[in-house]
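These notes are about the structure you will find just below.
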Amino acid sequence: MSKVYFVGCGPGDPELITIKAKKLVQKADVLVYSGSLIPPEIIKYNKKGKKHDAAKLVREEIFSLLLKNSKKGKLVVRLHDGDPAIYGAIREQIDNLEKKDVESIVVPGVTSFLASAAALGTQLTLPGITQTMIITRAESRTKVPKREKISELAKHQSTLIFYLSVHLLTKISKEAIAGGYKKSTPVAVVYKASRKDQKIILGTLADIAKKVKAERIRMTAIVIIGDVIKPKSYEYSRLYDKTFTHGFRKAKSIKKNN
């Protein structure tokens, strides 16, 4: 059966591509990639294949490349930045290929919100603060359901993560405050996470938009809102607490002083 591989190549650092993904890129007879997002160093892993920049193509042209070459028995790789499952538009490609009896295999990658957390040296969930992350995008030309308006999501007071939205930061801040976040809630914007020209801008909902505008950042950035960015206090994990029993360790008894 003919196959197409949808491969995540990570957030930008050429060393943050998985071993499996790198091998597929190297072996690909046909490599279809997003030239506007994927660093040239990763594309250079492929020495022999025919390369197509998807940034210059429309949906039908991309599908034709995938279908035609997979039917010829070629190793076809559709390369996505980050992880293909997050804002990657792979479902429509997979469904259409399936109609033509072409199997799709997805290879996950490190996504940019995780690279952003690494750059910040923080956790996105902290006991006593939040155990929830909401990953979303602000509404612009791409609409979102009413139940997913920023002011609605903000009611959860969780860690709120935005893709593809840094240019709408003023709107995000206003709606997050309207939904219940304090103006003093910490915000981090990580531009080009993991890359050589990475930038980190820290602020609050009250001032982050102004700070980011001063840096002239309009795209390729992750926005993270929440107290996990700069916690005033938090609870230690119970997993490693000596009084906590789990499947691999029994709790140690605490001796009381008489």
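The values are calculated or read from the model by the stated rules, or taken from the named source; none is laboratory data. Remember, predicted model here, so these are calculated numbers, not experimental data. As a convention, Cβ positions derive from the backbone with ideal geometry for all residues, glycine included, and neighbour counts pool all protein chains shown.
For this structure, a couple of remarks:
- Qualifying residue in the range 107-115 (condition: touching a Lys or Arg at 6+ places or on another chain (Cβ under 6 Å) and among the β-branched types (V, I, T)): yes
- Qualifying residue in the range 95-105 (condition: in contact with an Asp or Glu (Cβ under 7 Å, 6 or more places away or on another chain) and of a type outside the set (S, T, Y)): no
- Restricting the range 29-44 to residues that are β-branched (V, I, T) and more than 17 Å from the chain's Cα centre (by Cα), the residue that is surrounded by the most Cβ atoms within 10 Å (Cβ to Cβ) is V32.
- Members of the range 170-204 that are farther than 17 Å from L120 by Cβ and crowded, with 22+ Cβ neighbours inside 10 Å: I172, S173, A176, Y181
One line per residue, one yes/no per condition, for (1) modelled with pLDDT of 95 or more; (2) over 22 Å from I134 (Cα atoms):
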| residue | (1), (2) |
| --- | --- |
| Q198 | yes, yes |
| L202 | yes, no |
| K211 | yes, yes |
| I225 | yes, no |
| E235 | no, no |
| R238 | no, yes |
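- Helices (runs of 4 or more DSSP H) completely within the range 60-161 that count 1 or more residues being without any contact (Cβ under 8 Å) to a residue 12 or more places away in the chain: 90-99
- Flag if S36 is in contact with a Leu (Cβ under 9 Å, 6 or more places away or on another chain) and among the polar types (S, T, N, Q): no
- Pairs where the first residue, in the range 27-39, is assigned to a helix (DSSP H, G or I) and the second is surrounded by fewer than 18 Cβ atoms within 10 Å (Cβ to Cβ), C-beta under 6 Å, 6+ apart: K27/L75
The rows are residues; the columns are (1) surrounded by 13 or more Cβ atoms within 10 Å (Cβ to Cβ); (2) within 17 Å of V30 (Cβ to Cβ); (3) at pLDDT below 95; (4) among the polar types (S, T, N, Q).
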| site | (1), (2), (3), (4) |
| --- | --- |
| A55 | no, yes, yes, no |
| R78 | yes, yes, no, no |
| L97 | yes, yes, no, no |
| S104 | yes, yes, no, yes |
| S112 | yes, no, no, yes |
| A118 | yes, no, no, no |
| G121 | no, no, no, no |
| P127 | yes, no, yes, no |
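- Complete set of residues in the range 216-226 that are exposed (fewer than 14 other Cβ atoms within 10 Å of the Cβ) and either free of Cβ contacts under 8 Å to residues at least 40 places away in the same chain or in contact with a Leu (Cβ under 7 Å, 6 or more places away or on another chain) (or both): R216
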